[in-house]
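The structure is given below, and queries will be raised subsequently.
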Amino acid sequence: MRTREKSYSDYGMTEDEADYVKSFCRNADDEQRKIIQYALSDLQPYIAPYVFYSLVDNLSYEDICAKNYLYIGKGDFYGHRRQGMAAIKRWMILYGIWDYN
């Protein structure tokens, strides 16, 4: 299955868990931002920084495209973003900062 077609459930996440990861990213301090960057290093090198800015700075695909040219489509971008959020969840669990109940 292509990355763009995968949903949160394909990564073992619920919508609520995804919201928790987004909230963590938006409120991350400098140390937590490093953890996010490490987690996103599993993504393709081209897309990882844009996914990082999308999650940490709450930027949409359109906001990023207004500043930078992306050679991937909207569906692909959000597919990689979901993949990155699953990686962040795994790193949060690894570092003991996953406090979702």
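The values are calculated or read from the model by the stated rules, or taken from the named source; none is laboratory data. Note that the structure is a prediction, hence the values are computed from the model and not measured. Using ideal geometry, Cβ is built from the backbone for each residue, glycine included, and neighbour counts are taken over all protein chains shown. Heads up: the accessible areas ignore ligands, DNA and RNA and are worked out on the full protein's heavy atoms, side chains in. Shrake-Rupley method; radii C 1.70, N 1.55, O 1.52, S 1.80 Å.
Do we have any residue at all in segment 20-30 that's part of a helix (DSSP H, G or I) and open to solvent by 80 Å² or more (accessible area, probe 1.4 Å)? Show your work before the answer.
So in segment 20-30, the residues part of a helix (DSSP H, G or I) come out as 20-26, 30.
Right, trim to open to solvent by 80 Å² or more (accessible area, probe 1.4 Å) and you get 26, 30.
Looking through segment 20-30, at least one residue is part of a helix (DSSP H, G or I) and open to solvent by 80 Å² or more (accessible area, probe 1.4 Å).
Hey, another quick one. Looking only at residues in segment 51-61 that are open to solvent by less than 40 Å² (accessible area, probe 1.4 Å) and assigned to a helix (DSSP H, G or I), which one is nearest to E15 (Cα to Cα)?
Applying the first criterion (open to solvent by less than 40 Å² (accessible area, probe 1.4 Å)) to segment 51-61 yields 51-52, 54-56, 59-61.
With assigned to a helix (DSSP H, G or I) added as a condition, the list becomes 51-52, 54-56, 61.
On the way: V51: 18, F52: 19, S54: 17, L55: 15, V56: 18, Y61: 19 Å.
Top of the filtered list is L55.
What single numbered condition from (1) under 21 Å from W98 (Cβ atoms); (2) open to solvent by less than 60 Å² (accessible area, probe 1.4 Å) fails to hold for I64?
Unmet condition: (1).
Please specify each residue of segment 1-18 satisfying the condition of being under 13 Å from K89 (Cα atoms), charged (D, E, K, R) and open to solvent by less than 80 Å² (accessible area, probe 1.4 Å).
E17
Give the residues of segment 31-50 that are of a type in the set (D, E, K, R) and either surrounded by 13 or more Cβ atoms within 10 Å (Cβ to Cβ) or part of a loop (DSSP other than H, G, I, E, B) (or both), sorted by residue number. Outline the logic, then answer.
Looking only at segment 31-50, we keep the residues that are of a type in the set (D, E, K, R), and these are 31, 33-34, 42.
Scanning segment 31-50 gives R33, D42.
Starting from segment 72-91, keep only residues that are more than 15 Å from V21 (Cα to Cα) and open to solvent by 10 Å² or more (accessible area, probe 1.4 Å), then list their pairs with residues that are among the acidic types (D, E) and assigned to a helix (DSSP H, G or I) whose Cβ atoms are within a distance under 9 Å, requiring at least 6 positions of separation or different chains.
Within 9 Å, the pairs are K74/E62; G75/E5.
Identify all residues within segment 9-37 that are within 14 Å of G84 (Cα to Cα) and among the aliphatic types (A, V, I, L, M); write none if there are none.
M13, A18, V21, I35, I36
Moving to a separate point now. Just to be sure, is A48 without any contact (Cβ under 8 Å) to a residue 40 or more places away in the chain and out of contact with any Phe, Trp or Tyr (no Cβ under 6 Å at 6 or more places or on another chain)?
For A48, the condition - without any contact (Cβ under 8 Å) to a residue 40 or more places away in the chain and out of contact with any Phe, Trp or Tyr (no Cβ under 6 Å at 6 or more places or on another chain) - is met.
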